[in-house]
Amino acid sequence: MPSGEPSAAPSALAGSLRGKTVAIDPGHNGGNDKAPSEINKQVDVGNGHKECDTTGTQTAGGYTEHAFTWDVSKRLRKLLEAQGAKVVLTRKNDTGVGPCITQRAATGNKAHADAAISIHGDGAPKSGHGFHIIEPLPVPAGGNTKIVEPSARLGEAVRDAYHSGTGIPYSTYVGTKAIDKRDDLGGLNLSTVPKIFIECGNMQNPGDATKMSDPAFRQRAAAALDQGITAFLSGR
Ligand SMILES: [Zn+2]
């Protein structure tokens, strides 16, 4: 520790992300299912049109994806802020509608985020399990060409940290070593800052659902995401 530093520093990592901005996008929202006309509105995602937002999935036990993404996002925000990062979220609570995927991308862009992550839980057939990362493919009309390479680095850092930090295996049903690349997601097509999506597990799969419904698991997930984002931002 350099001389002059207070010996009661909260942790060795405190301040390591000072000057960095992270955008966290908790997928979906609690009011979406009651506002179909608003969320089904078509928006321009650079290479086509998609719905403004969607309702997301839920476990067989009724734990919703929007509640999961909101809880993990809040936990992650706390960990990043403890290290000195500035954090912006794309929504203020878990009871509203939207915002549209175009707005979710714009929030990270406007903040000039050094890293952005969209947090989801998958709704795949229940035989499949595990997590995966979605990285952007270039969509010149969307404006994301420059972020393809740094987003891939962010994706690998988060993949490695999430895998070791949670013990959740790589997805058995999509991607290669838990990495998928897509050009049909507005949140990635329209991003001008390094950005990935993570599908933290398959909420339709009983084993993954049990984990995702457990607050202790969600804390481990947030800690792992924090580690992956920190590794990317520190160039490790
Ligand atoms: Zn989702």
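Observations, loosely collected:
- Test for residue 223: is it surrounded by fewer than 19 Cβ atoms within 10 Å (Cβ to Cβ) and in a helix (DSSP H, G or I): yes
- Residue-level analysis places residue 178 outside the set of residues that are open to solvent by 10 Å² or more (accessible area, probe 1.4 Å) and in contact (Cβ under 8 Å) with a residue 24 or more places away in the chain.
- Restricting the first member to the range 40-57 and to residues that are open to solvent by 60 Å² or more (accessible area, probe 1.4 Å), and the second to residues that are near the ligand (Cβ under 10 Å from one of its atoms) and polar (S, T, N, Q), the beta-carbon pairs closer than 9 Å and six or more apart or on different chains are 40/54.
- For residue 201, the test of being modelled with pLDDT of 95 or more, in a helix (DSSP H, G or I), open to solvent by less than 60 Å² (accessible area, probe 1.4 Å) and not β-branched (Val, Ile, Thr) is failed.
- Residue under evaluation residue 164, criteria (1) assigned to a loop (DSSP other than H, G, I, E, B); (2) surrounded by fewer than 23 Cβ atoms within 10 Å (Cβ to Cβ), criterion not met: (1)
- Restricting 34, 78 to residues that are of a type in the set (Lys, Arg), closer than 22 Å to residue 226 by Cα and modelled with pLDDT of 95 or more narrows the list to 78.
The values are calculated or read from the model by the stated rules, or taken from the named source; none is laboratory data. Not measured: the values here are computed from a predicted model. Glycine also receives a Cβ, built like all others from the backbone with ideal geometry; neighbour counts cover every protein chain displayed. When the accessible area is computed, the model is the full protein with side chains, heavy atoms only, and any ligands, DNA or RNA have been set aside. Shrake-Rupley method; radii C 1.70, N 1.55, O 1.52, S 1.80 Å.
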